[in-house]
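The values are calculated or read from the model by the stated rules, or taken from the named source; none is laboratory data. Source: prediction; values computed, not measured. Quick reminder, even Gly has a Cβ in these numbers, built from the backbone with ideal geometry, and neighbours come from all protein chains shown. Only protein heavy atoms, including side chains, enter the accessible area calculation; ligands, DNA and RNA are left aside. Shrake-Rupley method; radii C 1.70, N 1.55, O 1.52, S 1.80 Å.
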Amino acid sequence: TLEEADALAARLAGLGHALPGVGAEHDTATAFAEAWQRHTGATPTLHERQRLYRLGTLTPPEPLPEGRGRVAGEQDREQLILWYREFAAAIGAGPSTDADSWADTRIAYGRVTFWEAPDGTPVSMAGVTPMVAGQMRVAPVYTPAHLRGRGYAGAATVEVSRAALAAGAAEVLLFADLANPTSNGLYQRIGYRPVTDFAVYD
């Protein structure tokens, strides 16, 4: 509620906390950002609008691009580090996550799937988070710029979504940047359905 957002902002401001931003369901994030401005004078800037999707019936694209899905392993460490850095730069993420540690954790738990071309070259990746309360979230999905538009991201997302279901996830979720109509369209074509919109403010 507006009252709760105001109370939280007042409490945090009173404790002298500096906040880099807020991300939440759209109305909640907006209410907090406005309350934070009232209590601190800081001007909120809308950084990103995201849509939360939940998987309905998984529907692989027709036709699938040539190649196959494969879980990334130790031999893929350098590729994962490179692509994670490129992904973070593309979305404007700060250096909050060390790419080496990110890659090592995902390799250890088999949480990134590549789509690879028939010659074995990885062309796209899709990751999945650990299961929490029966839910797994697809993230990140990344294809290098020169390989986009060929269906690789959709194929990788289908593979990792299938793996999440096989692991027992009751719900498979993902976020998409609303400024990217290509990814939003792709996720809906393969069976993801909108749940609600989120906002991220700096």
Next item on the list: State whether one or more residues within the range 106-114 are polar (S, T, N, Q), closer than 28 Å to Tyr201 by Cα and touching a strand residue (DSSP E or B) at 6+ places or on another chain (Cβ under 8 Å).
Entry: no
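Just the residues that are of a type in the set (Asp, Glu) and part of a strand (DSSP E or B), please, taken from the range 160-202. Please lay out each step first, then the result.
Taking the range 160-202 and keeping what is of a type in the set (Asp, Glu), we get 171, 177, 197, 202.
Those that are of a type in the set (Asp, Glu) and part of a strand (DSSP E or B): Glu171, Asp177, Asp197.
Consider the range 13-25. How many of its residues are more than 15 Å from Thr45 (Cβ to Cβ) and open to solvent by 40 Å² or more (accessible area, probe 1.4 Å)?
Our first condition is that a residue be more than 15 Å from Thr45 (Cβ to Cβ); within the range 13-25, this holds for 13-18, 24-25.
Keeping just the survivors that are open to solvent by 40 Å² or more (accessible area, probe 1.4 Å) gives 14-18, 25.
Total meeting the criteria: 6.
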When Pro130 is run through (1) farther than 22 Å from Gly67 by Cα; (2) open to solvent by 60 Å² or more (accessible area, probe 1.4 Å); (3) assigned to a helix (DSSP H, G or I), the failure sits at (3)
Per the list (1) open to solvent by 70 Å² or more (accessible area, probe 1.4 Å); (2) closer than 18 Å to Gly154 by Cα, residue check on Thr1 breaks on (2)
Picked from the range 146-185 (must be over 14 Å from the mean Cα position of the chain (by Cα) and among the charged types (D, E, K, R)), the residue farthest from Gly120 (Cα to Cα) is Glu171
Taking the range 26-51 and keeping residues farther than 13 Å from Asp202 by Cβ, outside any strand (DSSP E or B) and open to solvent by 60 Å² or more (accessible area, probe 1.4 Å) leaves His26, Asp27, Thr28, Glu34, Arg38, His39, Thr40
Ala179: passes all of (1) closer than 17 Å to Arg70 by Cβ; (2) out of contact with any helix residue (DSSP H, G or I) (no Cβ under 8 Å at 6 or more places or on another chain); (3) not polar (S, T, N, Q) but (1)
